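Heads up: the structure comes next, in C-alpha cells.
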Amino acid sequence: MIKAIFATDIQGGMGKQGSLPWPHDPEDLRNFKQATTGHIVVMGSNTWLDSMMPKPLPNRTCIVVTNQDVKQFSQAHEVIAGSWLKESLQSLEENNPNKTIWIIGGAKLLTSCRPYIKEINLTTFMTEYDCDVKLDMNEYLQGFNK
C-alpha cells in the first residue's frame with residue numbers, strides 16, 4: 001500500500017530554504033520513525049539533500065526520485081527517474097506486498113504521487129513559518145477523511 005507521511009504549517013508550508021522550517025519536534029519525529037521503520041520511504045531529491053536528514057534513514061529502504069545526475073544519491077538504496085514514477089511505484093507495491101511504501105516529500109513528489117496514495121499521515125503545526133515550499137492542503141486532502 002502507498003501512503004504519505006509529512007508535516008505542514010497551518011498554511012500548508014512544508015519547507016524553507018531547503019529544510020524543515022519548524023523547531024525540532026520529538027513527538028512528530030517519533031511518529032515518523034514508528035510508522036516508517038521496516039518499510040520503504042520514497043522522497044524527492046531536495047528531501048534527500050536536506051542536511052538535517054541522516055543518509056540513508058536507518059532501518060528503511062530509501063528511494064530517491066529525481067531527474068538529476070544520480071551520482072549525488074549514491075547512498076540511497078535505489079534511485080528512480082521521475083519519468084518512471086508510476087511504473088516504479090507499481091513495481092514497488094508488487095514486489096513488497098508486506099511493506100508500506102511511504103511518500104515522505106517534498107511537495108512536488110507528494111503532488112505527483114497523489115493519485116496513488118491511499119492514506120495520509122499528516123502533522124499540522126498550528127503556526128505559520130513563512131515557507132517557500134507549500135501545498136494547497138484543501139485541494140490535496142480532497143477525498144480523504146479528515
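The values are calculated or read from the model by the stated rules, or taken from the named source; none is laboratory data. Only a predicted model underlies this, so the values are computations on that prediction, with no experimental measurement involved. Neighbour counts are summed over all protein chains in view; Cβ atoms, including those assigned to glycine, are modelled from backbone coordinates with ideal geometry. These accessible areas exclude ligands, DNA and RNA; they are computed on the full protein's heavy atoms, side chains included. Shrake-Rupley method; radii C 1.70, N 1.55, O 1.52, S 1.80 Å.
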Legend entry - Residue list for the range 1-31, filter: open to solvent by 30 Å² or more (accessible area, probe 1.4 Å), in contact with a Leu (Cβ under 9 Å, 6 or more places away or on another chain) and not small (Gly, Ala, Ser): none
Inset, instruction - Restrict the check to the range 103-121 and report whether at least one residue is touching a residue at least 40 places away in the same chain (Cβ under 8 Å), open to solvent by 70 Å² or more (accessible area, probe 1.4 Å), within 19 Å of Gly18 (Cα to Cα) and among the basic types (Lys, Arg). - result: yes
Inset, instruction - Look through Leu109, Leu92 and report the one residue that is in contact with a helix residue (DSSP H, G or I) (Cβ under 9 Å, 6 or more places away or on another chain), part of a helix (DSSP H, G or I) and either at pLDDT 95 or above or within 23 Å of Arg30 (Cα to Cα) (or both). - result: Leu109
Legend entry - Condition check for Asp69: over 13 Å from Ala4 (Cβ atoms), of a type in the set (D, E, K, R), more than 15 Å from the chain's Cα centre (by Cα) and modelled with pLDDT under 95: yes
Legend entry - Among residues of the range 72-89, those that are part of a helix (DSSP H, G or I) and open to solvent by less than 20 Å² (accessible area, probe 1.4 Å), counted: 3
Legend entry - Search result, residues across the range 47-76 that are touching a helix residue (DSSP H, G or I) at 6+ places or on another chain (Cβ under 6 Å) and among the charged types (D, E, K, R): Arg60
Inset, instruction - Determine, yes or no, whether Ile103 is part of a strand (DSSP E or B), at pLDDT below 95 and within 16 Å of the chain's Cα centre (by Cα). - result: no
Legend entry - Residue within the range 56-71 that is part of a strand (DSSP E or B), open to solvent by 20 Å² or more (accessible area, probe 1.4 Å) and among the hydroxyl-bearing types (Ser, Thr, Tyr) present: yes
Inset, instruction - Could you check, for the range 50-59, whether at least one of its residues is modelled with pLDDT under 95 and small (Gly, Ala, Ser)? - result: yes
Inset, instruction - Output the residues belonging to the range 48-64 that are touching a Ser or Thr at 6+ places or on another chain (Cβ under 8 Å) and charged (D, E, K, R). - result: Asp50, Arg60
